[in-house]
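As structure tokens, the structure follows; a few thoughts come after it.
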Amino acid sequence: MPINYILLDAANTLIHKPSLWINMTKVLEESGYIIDVSELKMKHKIISELIQFPDVTSEKFYNTFNKELLLSMGILPTDSILSKLFHSCKYLPWEIFDDIHYLSEVNLPIGVLSNFNSSLTELLKNKIPEIKFKHIIISETEGVSKPNSSFYQKAIEKIGLQPNEILYIGDSLKLDIEPAIQIGFEALLIDRNSYYKLSKQRIESFKEIITISNK
């Protein structure tokens with residue numbers, strides 16, 4: 001059955017916080033640790049697969065997350081470093097990825113299914129005004145989140161198509177790809193940094209879905 005709908009994750013699929021890496025490396029350098037940004041990004045990605053982000057984050061959550069991140073890099077997580085990381089990285093602005101403009105060439109309806117708070121609708125409207133998302137389905141609003149299959153079922157009900165008519169694209173194998181495939185969606189991992197080269201369900205840019213949508 002052909003794909004008739006594109007459903008997208010939001011955080012780190014459509015939007016990201018590029019200043020996060022600048023601020024984190026600055027804190028670590030000031031604490032005497034020189035870290036390659038590519039290593040920091042990869043370790044951050046791995047920890048993000050292991051620790052699920054809540055819809056509404058807190059200092060307690062980020063201290064837990066950053067403790068694991070620091071340990072993965074061989075750095076003992078002192079209270080001082082954890083505090084500096086949190087305060088230097090909170091309230092950073094969301095920005096869009098460079099390949100977002102390719103979505104304008106997709107000849108299918110596009111929606112969003114994301115673990116996020118209720119600010120997402122306005123955020124996407126402001127950041128990506130050229131894309132008219134048919135549905136924006138948010139975990140905080142629905143009271144359920146990925147990888148719970150009920151969240152994907154809600155998307156099926158709202159969209160009104162069979163699961164195998166929907167292509168879901170996200171940046172997490174654990175939260176996005178595995179549960180999407182289990183419920184019957186087609187699924188692609190967006191892997192802009194080529195972390196998951198063994199994955200058979202991966203793309204490196206939204207440019208790659210233009211041909212899929214035009215079939």
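The values are calculated or read from the model by the stated rules, or taken from the named source; none is laboratory data. Fair warning: this is a prediction, and the values are worked out from it, not measured in the lab. Note: ideal-geometry Cβ built from the backbone for every residue, glycine included; neighbour counts use all protein chains shown. The area values use the complete protein model at the heavy-atom level, side chains included, leaving out ligands, DNA and RNA. Shrake-Rupley method; radii C 1.70, N 1.55, O 1.52, S 1.80 Å.
Check Asn164 against each of (1) open to solvent by 10 Å² or more (accessible area, probe 1.4 Å); (2) modelled with pLDDT of 95 or more; (3) in contact with a helix residue (DSSP H, G or I) (Cβ under 9 Å, 6 or more places away or on another chain) and name the one condition it does not meet.
(3)
Among (1) in contact (Cβ under 8 Å) with a residue 24 or more places away in the chain; (2) on the phi > 0 side of the Ramachandran plot, where does Leu123 come up short?
(2)
Scan segment 88-110 and report the pairs whose first residue is more than 15 Å from Lys125 (Cα to Cα) and open to solvent by 60 Å² or more (accessible area, probe 1.4 Å) and whose second residue is assigned to a helix (DSSP H, G or I) and among the β-branched types (Val, Ile, Thr), with Cβ atoms within less than 7 Å and a gap of 6+ or a chain change.
Glu105/Ile210
Looking at the structure I just gave you, is Lys174 among the charged types (D, E, K, R), under 19 Å from the mean Cα position of the chain (by Cα) and not in a helix (DSSP H, G or I)?
Details: among the charged types (D, E, K, R): yes; under 19 Å from the mean Cα position of the chain (by Cα): yes; not in a helix (DSSP H, G or I): no.
Criteria not met by Lys174.
Among the residues of segment 44-54 satisfying the criterion of being open to solvent by 50 Å² or more (accessible area, probe 1.4 Å) and of a type outside the set (S, T, N, Q), which is farthest from Lys197 (Cα to Cα)?
Among residues in segment 44-54 that are open to solvent by 50 Å² or more (accessible area, probe 1.4 Å) and of a type outside the set (S, T, N, Q), the one farthest from Lys197 (Cα to Cα) is Pro54.
Considering only segment 59-75, state which residues are on the phi < 0 side of the Ramachandran plot and open to solvent by 50 Å² or more (accessible area, probe 1.4 Å). Show your work before the answer.
First, pick out the residues of segment 59-75 that are on the phi < 0 side of the Ramachandran plot: 59-73, 75.
Once the filter is applied, which keeps residues that are on the phi < 0 side of the Ramachandran plot and open to solvent by 50 Å² or more (accessible area, probe 1.4 Å), segment 59-75 yields Glu59, Lys60, Tyr62, Thr64, Lys67, Glu68, Leu71.
Consider Val27 carefully, then state whether it is assigned to a helix (DSSP H, G or I) and either open to solvent by less than 60 Å² (accessible area, probe 1.4 Å) or at pLDDT below 95 (or both).
yes
Scan segment 62-84 and tell me whether some residue there is among the aliphatic types (A, V, I, L, M), closer than 29 Å to Ile212 by Cα and out of contact with any Lys or Arg (no Cβ under 9 Å at 6 or more places or on another chain).
no
Lys132 fails exactly one of the following numbered conditions: (1) open to solvent by 40 Å² or more (accessible area, probe 1.4 Å); (2) in contact with a helix residue (DSSP H, G or I) (Cβ under 8 Å, 6 or more places away or on another chain); (3) not aliphatic (A, V, I, L, M). What is the number of that condition?
Tallying (1) open to solvent by 40 Å² or more (accessible area, probe 1.4 Å); (2) in contact with a helix residue (DSSP H, G or I) (Cβ under 8 Å, 6 or more places away or on another chain); (3) not aliphatic (A, V, I, L, M), Lys132 fails exactly one: (2).
Filter segment 129-155 for residues that are farther than 28 Å from Asn107 by Cβ and without any contact (Cβ under 8 Å) to a residue 12 or more places away in the chain and give the result.
If the condition is that a residue be farther than 28 Å from Asn107 by Cβ and without any contact (Cβ under 8 Å) to a residue 12 or more places away in the chain, then Gly143, Val144, Ser150 are the ones that fit.
Which members of segment 30-52 meet the condition of being in contact with a helix residue (DSSP H, G or I) (Cβ under 6 Å, 6 or more places away or on another chain) and not in a helix (DSSP H, G or I)?
Ser31, Ile35, Ile51
Looking at Glu105, is it modelled with pLDDT under 95 and more than 26 Å from Ser38 (Cβ to Cβ)?
Answer is yes for this residue.
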